[in-house]
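In what follows, a structure is listed as structure tokens, so that the remarks can point back to it.
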């Protein structure tokens, strides 16, 4: 079995914060992007924890999360493994008041995933 290195999608903490925030606040974004994010490729521990909480809410309620605070509360009460901590709450707060073009973020996401796939394929082809 080939084993490739799973590098982060990008190194921009703000981009990862937006991925996390929109994944737990926008059903449209959850269905387009959030549900498919590979948590191992998210560099920010806080963003990774928020995304894990969003995934938990979507799986346990059969609905995408819509309110970040509810997502945080449900995850925090579910298990110790899902406790988000202050870092995740601060991450959500850092982007919650800013405006963003969701379509632009989805386009950026698609470009990142395409680039990641190309890098993975190159790595696989160079393995032999």
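The values are calculated or read from the model by the stated rules, or taken from the named source; none is laboratory data. It should be emphasised that the depicted structure is a prediction, and the values quoted were computed from it without experimental measurement. Counting neighbours? That spans all protein chains shown, and the Cβs are built from the backbone with ideal geometry, glycine included.
One table, with the values for the structure above:
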| item | result |
| --- | --- |
| Candidates 43, 85, 34, filtered to the one that is surrounded by 12 or more Cβ atoms within 10 Å (Cβ to Cβ) and more than 13 Å from the chain's Cα centre (by Cα) | 85 |
| Count - residues of region 46-71 that are out of contact with any helix residue (DSSP H, G or I) (no Cβ under 7 Å at 6 or more places or on another chain) and either surrounded by fewer than 16 Cβ atoms within 10 Å (Cβ to Cβ) or touching a residue at least 40 places away in the same chain (Cβ under 8 Å) (or both) | 8 |
| In region 72-82, the residues that are at pLDDT below 75 and either in a helix (DSSP H, G or I) or surrounded by 11 or more Cβ atoms within 10 Å (Cβ to Cβ) (or both) | 75, 76, 77, 78, 80, 81, 82 |
| Subset of region 1-53 [over 17 Å from residue 105 (Cβ atoms) and part of a helix (DSSP H, G or I)] | 39, 40, 45, 46, 48, 49, 52, 53 |
| Flag if residue 107 is on the phi > 0 side of the Ramachandran plot and loosely packed, with under 12 Cβ neighbours inside 10 Å | no |
| Residue in region 101-108 that is more than 13 Å from residue 23 (Cβ to Cβ), at pLDDT 75 or above and not in a helix (DSSP H, G or I) present | yes |
| Verdict on residue 114 being at pLDDT 90 or above and out of contact with any strand residue (DSSP E or B) (no Cβ under 8 Å at 6 or more places or on another chain) | no |
